[in-house]
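Student: Can you keep this structure in mind? I'll have questions shortly.
Only the coordinates and a few stated rules stand behind these numbers; no lab work does. Keep in mind the model is a prediction, meaning the values are calculated, not measured. In this analysis, Cβ positions are derived from the backbone assuming ideal geometry, glycine residues included, and neighbour counts consider all displayed protein chains.
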Amino acid sequence: MKGEMKAVMKKKPGYGAELVNVPIPKIGPREILVKVKATSICGTDLHIYEWNVWAQRRIKPPRVMGHEFGGEVVEVGKDVTFVSVGDNVSAETHIVCGKCFQCRTGQAHVCQNVKILGVDTDGSFAEYVAIPEENAWVNDKRLPPEIASIQEPFGNAVHTVFAEDVAGKTVAVFGLGPIGLCAVAICKAAGAAHVFAIGRKNEYRLNLAKKVGADTVIKSNEEDVVKVIKDATDGAGVDVSLEMAGSQEAISLCFKVLKFGGRVSLLGLPEDKITLDWADDIVFKAARVYGIAGRRMYGTWYTTAGLLKSGRVDVKPIITHKFKLEEFEKGMQLMHEGKCGKVVLYP
């Protein structure tokens, strides 16, 4: 397809991004071109926009931002075999080599040579995006594009929650951004006995946590998190801690509230090194600790699709704001202030 499209681009190092006109991507023989119907803002996009330490190390401008989307296939390469024009798709955003040890042993989500859409390749904050065929996830045509767009971060929550079973377990979720909120909803749908949602004093997101099913909401900067959870669990602590914030405080607390023999899943990305009481909080507790990287390819996607289709998880309350692509700065400001759930942009 020839012509130009509008896109949000990180043109140079520093704060911000720009709305620009760029050529519509040309696709290779095993790629597909997707007309973006909806694309949502991730915390990673905010990091790139604000140019934090991670972005400074990783991003090489110019780069079209964005990686979460739902759209319609409008063109396919000559060697494409299982995706067709007219299909509604989202993308597994980890573009993997398929050749390294991890890829060949069922661990492609931690491919040694991974490239990430919107980080290492041009992304979905645009009217069109090109992706490898193998990265396409074909959606039910009845799935609204804004829900299709948030399957990628929803999948992060799915992977974090289901590292082990949560049915009948007490669970603490630290960090109430969109992925943490998804985790709360997933835990309840999966039969968790009691879900504690822990966040700093952000009434907007604390209220969202209640809305999606949290049994107890704790303000970590006003309440003694350890005491509240220990009191509610007869002094034992929780069976499972899910860490989505990536802060020193949250990571420390998720181990402090864990019962002996419990499980911790870590998804949040700290900006600096973290200090832990290794002996008492991990070794002597016999804690099982999982580092969670993205989604398992593609098992997590099947679980995600099943949860959404079942109706047991309602993600609509988590999608709180919708803007035109041209209004992306409004979405970034809301993300910065934490006065939103998921923000969706429409090209």
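Student: Report yes if T39 is surrounded by 17 or more Cβ atoms within 10 Å (Cβ to Cβ) and of a type in the set (S, T, Y), otherwise no.
Tutor: Considered against the rule, which asks whether it is surrounded by 17 or more Cβ atoms within 10 Å (Cβ to Cβ) and of a type in the set (S, T, Y), T39 comes out as yes.
Student: Looking only at region 262-286, count every residue that is in contact with an Asp or Glu (Cβ under 7 Å, 6 or more places away or on another chain) and surrounded by fewer than 19 Cβ atoms within 10 Å (Cβ to Cβ) and tell me the total.
Tutor: 0
Student: Please go through region 226-250 and pick out each residue that is surrounded by 21 or more Cβ atoms within 10 Å (Cβ to Cβ), part of a helix (DSSP H, G or I) and within 25 Å of the chain's Cα centre (by Cα).
Tutor: A250
Student: Cβ-Cβ under 9 Å, sequence separation 6+ or interchain: first residue in region 310-322 and more than 18 Å from A190 (Cα to Cα), partner aromatic (F, W, Y) and surrounded by fewer than 18 Cβ atoms within 10 Å (Cβ to Cβ). Which pairs?
Tutor: Between residues of region 310-322 that are more than 18 Å from A190 (Cα to Cα) and residues that are aromatic (F, W, Y) and surrounded by fewer than 18 Cβ atoms within 10 Å (Cβ to Cβ), the close pairs are T320/Y204; K322/Y346.
Student: Another one. Kindly check whether there is at least one residue in region 326-335 that is of a type in the set (A, V, I, L, M) and assigned to a strand (DSSP E or B).
Tutor: There is no residue in region 326-335 that is of a type in the set (A, V, I, L, M) and assigned to a strand (DSSP E or B).
Student: Take the residues in region 65-119 that are crowded, with 18+ Cβ neighbours inside 10 Å and of a type in the set (S, T, N, Q), then tell me which one is farthest from the chain's Cα centre (by Cα).
Tutor: N88
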